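Structure first, commentary second.
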Amino acid sequence: MPRSNALFISLEGIDGSGKSTQARRLADWLTAQGRDAVLTREPGGAPGAEEIRHLLVQGDPERWSPETEILLFTAARRDHLERTIRPALEAGRDVVTDRFADSTRVYQGATRGDLRALVDTIHSAAIATEPDLTLILDMDPEIALTRGLARNSGEDRFEDFGLPFQQKLRAGFQALAAEQPHRCHLIDADTTPDAITQAIIARVTRHLR
Ligand SMILES: Nc1ncnc2c1ncn2[C@@H]1O[C@H](COP(=O)(O)OP(=O)(O)OP(=O)(O)O)[C@@H](O)[C@H]1O
Ligand SMILES: [Mg+2]
């Protein structure tokens, strides 16, 4: 079988850092290059996974224990992988996902650092897949939080944990980029949408094959 040139790309970063905006722009750019790109998101990205999303992003911040939350995220991710990501990659389509497993690693690390080992164990057992390229939108949480809450989306369960939590998340994403430098790249997101898109395109261009 010929090797597929399809790319699996995730966008990560704190709440309000511009992931959804940039994921859409990246998928549009890939399509404009004559590639076939699927834009998707987590939690969600498949019908069953979207149902699980509602359980995760709405309601009281303390609604789930950290352990339960990891299992819900992983159940949604497995469905996303089976129904959306793998079929697309196998058909030679690029996949751009707005969040993937790094969000679970970093969010759980920020709430309960001792659960990172559990996250990794469950990930290897149930998901065992990493993106080819992960772009981490890095910026000041204070500015990002204003952007996110301004939207009043009704999906603010994580934003509602507040600024110190977002600062921990930023540090977590930065640590991940240092840990996995071949896959994860920090992108300065404290600038205009166009400048961020250009930085992303420059990085993705190096991975196109
Ligand atoms: N570079 C930017 N400068 C200013 N505002 C921006 C920029 N990028 C996105 N925004 C605006 O900030 C808000 C958050 O952006 P976006 O939804 O893309 O972030 P996100 O990372 O997906 O957020 P969330 O984590 O809450 O899903 C939106 O209202 C968007 O229009
Ligand atoms: Mg978003």
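Computed quantities for the displayed model
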quantity	calculated
Criterion (in contact (Cβ under 8 Å) with a residue 40 or more places away in the chain and closer than 15 Å to residue 129 by Cα) met by exactly one of 39, 89	89
Check on residue 99, of a type in the set (D, E, K, R), touching a Pro at 6+ places or on another chain (Cβ under 9 Å) and at positive phi	yes
Residue satisfying all of: in the range 11-24; surrounded by 20 or more Cβ atoms within 10 Å (Cβ to Cβ) and over 18 Å from residue 132 (Cα atoms); farthest from ligand 1 (Cβ to nearest atom) among these	14
Some residue of the range 45-55 being within 26 Å of residue 186 (Cα to Cα) and either more than 16 Å from ligand 1 (Cβ to nearest atom) or acidic (Asp, Glu) (or both)	no
Residue in the range 136-143 that is at pLDDT 95 or above, away from ligand 1 (no atom under 16 Å from the Cβ) and surrounded by 19 or more Cβ atoms within 10 Å (Cβ to Cβ) present	no
Inter-residue pairs, beta-carbon under 8 Å, first more than 14 Å from residue 66 (Cα to Cα) and in the range 115-137, second hydroxyl-bearing (Ser, Thr, Tyr) and in a helix (DSSP H, G or I), 6+ apart	123/74; 123/104; 126/74; 127/74
Any hit, the range 2-10, residues being at pLDDT 95 or above and near ligand 1 (Cβ under 9 Å from one of its atoms)	no
Yes/no for residue 205 being of a type outside the set (A, V, I, L, M), modelled with pLDDT of 90 or more and either away from ligand 1 (no atom under 13 Å from the Cβ) or touching a strand residue (DSSP E or B) at 6+ places or on another chain (Cβ under 7 Å) (or both)	yes
Qualifying position, being within 22 Å of residue 135 (Cα to Cα) and free of Cβ contacts under 8 Å to residues at least 40 places away in the same chain, among 27, 76	76
Residues (touching a Ser or Thr at 6+ places or on another chain (Cβ under 8 Å) and part of a helix (DSSP H, G or I)) located in the range 106-146	119, 122, 123, 126, 144
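The values are calculated or read from the model by the stated rules, or taken from the named source; none is laboratory data. The structure displayed is predicted, hence computed values, not measured ones. Note that we place each Cβ from the backbone using ideal geometry, even for glycine, and neighbour counts take in every protein chain shown.
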